[in-house]
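Laboratory data are not the source of any read-out in this text; all were calculated from the coordinates shown. The structure displayed is predicted, hence computed values, not measured ones. A quick note on method: Cβ atoms are made from the backbone with ideal geometry, for glycine too, and the neighbour counts reach across all protein chains shown.
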């Protein structure tokens with residue numbers, strides 16, 4: 001996949017190197033050409049000097065063939081504008097924006113753009129927003145047979161009860177992160193867009209659980 005990153009600070013440079021290491025092609029955009037030094041001599045991706053929400057700059061970075069876009073500059077407004085341009089003007093499927101003010105998270109989530117607040121930011125979390133597939137283990141018991149994981153789900157699960165997810169996958173929903181806050185599941189709780197679903201499952205069943213989440217609800221599941 002080709003991925004465009006706006007911002008070459010500590011976050012953007014670390015993300016770029018991690019994504020390239022995973023085999024993706026990467027383009028990094030920054031207004032300051034000296035910022036690209038953080039990428040190191042081993043980085044083989046594109047370095048594009050310019051404003052990250054300028055459409056011509058984004059085209060130079062390969063946004064038209066990109067499958068993901070990360071806005072991780074030092075400005076909240078710049079990040080959200082760039083993220084919206086990537087999604088709305090270029091139709092990039094996976095878009096994520098870093099923000100410094102978590103109070104803005106709900107507004108951004110309503111725009112359909114996953115956000116990662118600085119207070120809880122890690123490179124792994126940003127990677128999960130850009131490459132949402134499978135299960136990301138968060139904890140496991142000493143024997144390794146039971147684990148808690150964040151599992152990516154098909155968009156068609158939105159609007160369906162968490163209990164339907166449990167029934168289809170054989171897992172148990174431990175908690176849901178919604179707009180940056182953890183929530184314990186209730187019998188009537190439904191999946192909302194942007195939810196991160198954390199489940200407990202047997203390690204031996206991980207592949208089956210991932211498949212059920214990715215497949216989406218079948219007829220009769222509500």
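If I model a spin label at residue 14 and residue 189 as a point 7 Å from the Cα along the Cα→Cβ vector, what separation in nanometres do I get?
A separation of 2.9 nm, rounded to one decimal place.
Provide the gained length on full extension for the span residue 37 to residue 175, in nm with one decimal, where the gain is 0.36 nm per separating residue minus the Cα-Cα distance.
Taking 0.36 nm per residue and subtracting the Cα distance, the gain is 45.6 nm.
Rank these for me by crowding, 171, 145, 13, going from fewest to most other beta carbons within 10 Å.
If I rank by nearby Cβ atoms, fewest first, I get 145, 13, 171.
If we count other beta carbons within 10 Å of each Cβ, what is the order of 161, 21, fewest first?
21, 161
Report the label-to-label distance for residue 204 and residue 55 in nanometres (one decimal), using points 7 Å from each Cα along the Cα→Cβ vector.
5.6
Assuming R0 = 35 Å, what is the FRET efficiency of residue 167 and residue 22, from their Cβ-Cβ distance, to the nearest 0.05?
0.55
Find how much the distance from residue 215 to residue 158 grows on full extension, using 0.36 nm per residue of separation minus their present alpha carbon separation; answer in nm with one decimal.
Difference between extended and current length: 19.2 nm.
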